[in-house]
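Below is one structure, written out as structure tokens; the observations come after it.
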Amino acid sequence: MKIIYKIGLILVVFIVVVIVCGLLYINLAFPKVSPAPKMKINATPELLARGEYLVKHVALCLDCHSERDWNYYSGPIKEGTFGKGGEVFDEGEGIPGKIYAKNITPAALASWTDGELYRAITAGVDNKGEPLFPLMPYENFGTMDPEDLNAIIAYIRTLKPIPNNVPVHSLDFPMNLIVRTIPQNGTPTKRPPETDTIAYGRYMVNAASCAACHTPMEKGNPVPGMDFAGGFEFKTPVGTFRPANITPDNETGIGLWTEDAFIQRFKTYEKPESMKIKTKLGDFNTFMPVTQYAGMTVADLKAIYKYLRTVKPVHNKVNKFTPPETKTAGM
């Protein structure tokens, strides 16, 4: 019996040692990305203008890093909260734990170098070398034109400083370990010329992270064959949102939409009064920040439309909104 006891004890100690070594390796060896580049961005008026456009109407950095007001249609950003962070993403968005949007105003980023910001946006690692949860689509941003990324960084530096201590994220096991292995160096590409409409549209779809919301996910991964087919659930106190099918399927997607109808879906909400379309709890609403996307240029919207016409049509009927405390709702 003593021999069996000793063998059992040795096995337990061995297993514990293996686990401890594994945890140490994951925490010390990851994330495996390059050091932050040494760079200083020259914030020209042209670069700032491009950055403002991308931040406010394409990449929508302020959408997650500010507060949205769900008393109004599409949850426009509350005045005075631009970039302050603090919004929590949890099980309602399929997050295994709680993720808090970071404060991206100069009040929080003053100590960050431009290179550290660039690495965070493109590789998913902060200024302390810690991984960022890929809720921020750094995999998309990592393939963007460096000039566009520089423009975003330059514009963010001009936001009004708002002191706001954001809680540290808390992820469930084993995601708290897995997240360390996800960051990777981006592969930047040159922004295609607008004359190459399809390639340019693909670039803008990536910059706007359309697939991130419009592709259903399972266990954090896109469902194979369902790109842009919609239906992923975002559960919130004001209802459950499901982004639309934006594949060119004639029955359940945008196959029968004209280019003008697609453009007007956004441009209808471009006027300032569109920010104040009052809604009551239970009224139909949309998670898509259409009032922000409305500021995109017609040329960019046309390119996005033309690219989406080239993706695989997927038949997937989406019930886009369910009011709170109800089980079903019409389209």
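The values are calculated or read from the model by the stated rules, or taken from the named source; none is laboratory data. Here the structure is a predicted model, which means the values were calculated and not measured. Cβ: placed from backbone, ideal geometry, glycine included. Neighbour counts: every protein chain shown.
Residue by residue through the stretch 206-222, note down the ones that are part of a strand (DSSP E or B) and either in contact with a strand residue (DSSP E or B) (Cβ under 9 Å, 6 or more places away or on another chain) or closer than 26 Å to residue 54 by Cβ (or both).
217, 222
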> What is the one condition in (1) farther than 24 Å from residue 57 by Cα; (2) in contact with a helix residue (DSSP H, G or I) (Cβ under 7 Å, 6 or more places away or on another chain); (3) among the charged types (D, E, K, R) that residue 249 does not satisfy?
Replying inline: (2)
>> So, in the stretch 244-263, how many residues would count as being surrounded by fewer than 18 Cβ atoms within 10 Å (Cβ to Cβ) and of a type in the set (Gly, Ala, Ser)?
In response: 2
> What are the residue pairs meeting all of these: first residue in the stretch 57-74, first residue at positive phi, second residue buried (at least 20 other Cβ atoms within 10 Å of the Cβ) and of a type in the set (Val, Ile, Thr), Cβ atoms under 8 Å, and 6 or more apart or on different chains?
Replying inline: 74/291
>> Out of 326, 252, I need the residue that is over 30 Å from residue 193 (Cβ atoms) and modelled with pLDDT of 95 or more. Which one?
In response: 252
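Listed residues 251, 273; which is of a type in the set (D, E, K, R), touching a residue at least 40 places away in the same chain (Cβ under 8 Å) and outside the structural domain of residue 91 (by TED's automatic domain parsing)?
On the way: 273 fails: touching a residue at least 40 places away in the same chain (Cβ under 8 Å).
Criteria check complete, one pass: 251.
Could you tell me which of the residues 69, 63 is more than 28 Å from residue 222 (Cα to Cα), modelled with pLDDT of 90 or more and either more than 15 Å from the chain's Cα centre (by Cα) or charged (D, E, K, R) (or both)? Steps first, please.
Working: 63 fails: more than 28 Å from residue 222 (Cα to Cα).
None of the other options fit; the residue is 69.
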> So which pairs qualify, if the first residue must be in the stretch 133-150 and under 25 Å from residue 46 (Cα atoms), the second must be basic (Lys, Arg) and part of a loop (DSSP other than H, G, I, E, B), the Cβ gap must be under 7 Å, and the two must be at least 6 apart or on different chains?
Replying inline: 145/190; 145/191; 148/191
> Which members of the stretch 94-119 meet the condition of being assigned to a helix (DSSP H, G or I) and closer than 18 Å to residue 40 by Cα?
Replying inline: 106, 109, 114, 115, 116, 117, 118, 119
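Just to be sure before I move on: is residue 122 polar (S, T, N, Q), in a helix (DSSP H, G or I), at pLDDT 95 or above and in the same structural domain as residue 95 (by TED's automatic domain parsing) in the structure I sent? Before you say what the answer is, go through the steps one by one.
Working: polar (S, T, N, Q): yes; in a helix (DSSP H, G or I): yes; at pLDDT 95 or above: yes; in the same structural domain as residue 95 (by TED's automatic domain parsing): yes.
Against the criterion (polar (S, T, N, Q), in a helix (DSSP H, G or I), at pLDDT 95 or above and in the same structural domain as residue 95 (by TED's automatic domain parsing)), residue 122 qualifies.
From 5, 53, which residue is modelled with pLDDT under 75, of a type in the set (Phe, Trp, Tyr) and either assigned to a helix (DSSP H, G or I) or at positive phi (or both)?
Details: 53 fails: modelled with pLDDT under 75.
After ruling out the rest, the residue left standing is 5.
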> Since residue 232 meets every condition but one in (1) part of a loop (DSSP other than H, G, I, E, B); (2) in contact (Cβ under 8 Å) with a residue 40 or more places away in the chain; (3) over 20 Å from residue 286 (Cβ atoms), which condition does it not meet?
Replying inline: (3)
> Within the group 216, 188, which residue is at pLDDT 90 or above and over 16 Å from the mean Cα position of the chain (by Cα)?
Replying inline: 188
>> Can you pull out every residue in the stretch 129-152 that is closer than 21 Å to residue 222 by Cα and of a type in the set (A, V, I, L, M)?
In response: 132, 135, 136, 144
